[in-house]
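The values are calculated or read from the model by the stated rules, or taken from the named source; none is laboratory data. Since the model is a prediction, treat every value here as computed from it, not as a measurement. Cβ atoms come from the backbone with ideal geometry, glycine included; neighbour counts cover every protein chain shown. Ligands, DNA and RNA are excluded from the accessible area calculation, which covers all protein heavy atoms including side chains. Shrake-Rupley method; radii C 1.70, N 1.55, O 1.52, S 1.80 Å.
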Amino acid sequence: MEPIDQIMQHDHERLDQLLEQGAEAVSQGAWPEAAHLLETFRHGIVDGHMAVEESTLFPAFERQKGDEAQSLTALLRKGHQDLRIFFEEMAEAIQEQDAETFDDLLSTVQTILKQHDAKEENELYPILATALTDHGEAAGRRILDFEAEAES
Ligand SMILES: [Fe+2]
Ligand SMILES: [Fe+2]
């Protein structure tokens, strides 16, 4: 298995691509396909990626780094909260076949995600292999399972 930081970074890229594909479907007016792609994206990022970060990776980082970690993980958790709301609004825009609202939400979400993911990749993921007692195996396997499920 790849190291946990690589798995998480690749998952960022995979999720970015799914969101791009959803946006492409919206721009073509392919609404059922857009809804399906957005739901695949939402499930992968909310139920997979963010759930693993919040339940396993952030706590490991906090244990390793102590108090100085709190401001970063608080910021990242708040980012997840905001993103979850935007994802719901994007799904509503698709349901209403409102491409303009979708595009506004998309650019906001992509801006937030870009900064959020870079912070994780630079400041948090590099120390996970040492912070997690199993070197991130269990977390990595959960992410890989979600990726496999999305492809099937
Ligand atoms: Fe995150
Ligand atoms: Fe992440």
#### Entry: Some residue of region 70-86 being under 18 Å from Asn122 (Cβ atoms) and more than 14 Å from ligand 1 (Cβ to nearest atom)
yes
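How many residues does region 119-133 contain that are away from ligand 1 (no atom under 11 Å from the Cβ) and either open to solvent by less than 20 Å² (accessible area, probe 1.4 Å) or among the hydrophobic types (A, V, I, L, M, F, W, C) (or both)?
Here is the first cut: in region 119-133, the residues away from ligand 1 (no atom under 11 Å from the Cβ) are 122-123, 126-133.
Now restrict to residues that are either open to solvent by less than 20 Å² (accessible area, probe 1.4 Å) or among the hydrophobic types (A, V, I, L, M, F, W, C) (or both): 127-129, 131-132.
Qualifying residue count for the region: 5.
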### Query
Restricting to helices (runs of 4 or more DSSP H) lying wholly in region 1-78: which have 1 or more residues that are among the β-branched types (Val, Ile, Thr) and open to solvent by less than 60 Å² (accessible area, probe 1.4 Å)?
4-27, 31-42
### Query
Within region 98-114, is even one residue modelled with pLDDT of 95 or more, hydrophobic (A, V, I, L, M, F, W, C) and open to solvent by 50 Å² or more (accessible area, probe 1.4 Å)?
no
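To keep it simple, each residue is scored yes or no on (1) under 21 Å from Gly48 (Cβ atoms); (2) in contact (Cβ under 8 Å) with a residue 60 or more places away in the chain.
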residue	(1), (2)
Arg63	no, yes
Leu76	yes, no
Glu88	yes, no
Ala91	yes, no
Gln115	yes, no
Lys119	yes, no
Glu137	yes, yes
Gly140	yes, yes
Phe146	yes, yes
